[in-house]
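Below is one structure, written out as structure tokens; the observations come after it.
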């Protein structure tokens with residue numbers, strides 16, 4: 001089965017065109033080599049898929065005939081992604097919470113003073 005179709009059938013991408021685009025951009029590696037979307041995936045292959053700043057590591061257990069339900073995905077792949085990758089994603093979310101939300105407007109004088117007191121070397 002094509003690698004883009006496999007990633008779509010095991011629900012790593014919502015559409016097959018998104019899976020194809022990820023392969024073209026180099027976000028998908030098969031046995032540590034970048035692949036084209038038409039590369040065939042076989043049982044036992046090791047995949048690394050970069051999605052949302054996380055490198056998901058997968059092992060192909062079986063090839064599905066067509067797109068499978070979310071409950072059946074574990075029959076076709078084994079997720080070996082280390083927990084550190086998800087912890088890194090949580091740190092990124094926390095670091096973004098510091099910044100102002102989009103559409104809130106310009107910082108007020110109080111916001112500026114708070115920033116200056118935080119960044120000043122006197123404290």
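The number of residues in region 14-35 being without any contact (Cβ under 8 Å) to a residue 24 or more places away in the chain and touching a helix residue (DSSP H, G or I) at 6+ places or on another chain (Cβ under 6 Å) comes to 4. Need the failing condition index for residue 9 against (1) surrounded by fewer than 18 Cβ atoms within 10 Å (Cβ to Cβ); (2) at pLDDT 90 or above, just the number. Unmet for residue 9, out of (1) surrounded by fewer than 18 Cβ atoms within 10 Å (Cβ to Cβ); (2) at pLDDT 90 or above: (1).
Within region 40-57, the residues that satisfy the criterion of being surrounded by fewer than 13 Cβ atoms within 10 Å (Cβ to Cβ) and at pLDDT below 90 are 52, 53. Is there a residue in region 95-110 that is in a loop (DSSP other than H, G, I, E, B) and in contact with a strand residue (DSSP E or B) (Cβ under 6 Å, 6 or more places away or on another chain)? No, there is no match, as no residue in region 95-110 is in a loop (DSSP other than H, G, I, E, B) and in contact with a strand residue (DSSP E or B) (Cβ under 6 Å, 6 or more places away or on another chain). Scanning region 45-64 for residues that are part of a loop (DSSP other than H, G, I, E, B) and under 18 Å from residue 84 (Cβ atoms) turns up 52, 53.
Right, residue 48: in contact with a strand residue (DSSP E or B) (Cβ under 8 Å, 6 or more places away or on another chain) and under 22 Å from residue 88 (Cβ atoms) or not?
yes
Candidates in region 69-90 are the residues that are in a loop (DSSP other than H, G, I, E, B) and within 19 Å of residue 45 (Cα to Cα); of these, the one that is modelled with the highest pLDDT is 76.
If you filter region 18-39 down to residues that are surrounded by fewer than 13 Cβ atoms within 10 Å (Cβ to Cβ) and more than 16 Å from the chain's Cα centre (by Cα), you find that the one that is farthest from residue 2 (Cα to Cα) is 32. Are there any pairs with C-beta distances below 8 angstrom linking a residue in region 111-123 that is part of a loop (DSSP other than H, G, I, E, B) to a residue that is modelled with pLDDT of 80 or more, with the two at least 6 apart or on different chains, and if so which? Pairs found: 123/117.
The values are calculated or read from the model by the stated rules, or taken from the named source; none is laboratory data. Everything quoted here is computed from the prediction, not taken from an experiment. Every residue, glycine among them, receives a Cβ derived from its backbone with ideal geometry; neighbour counts consider all protein chains shown.
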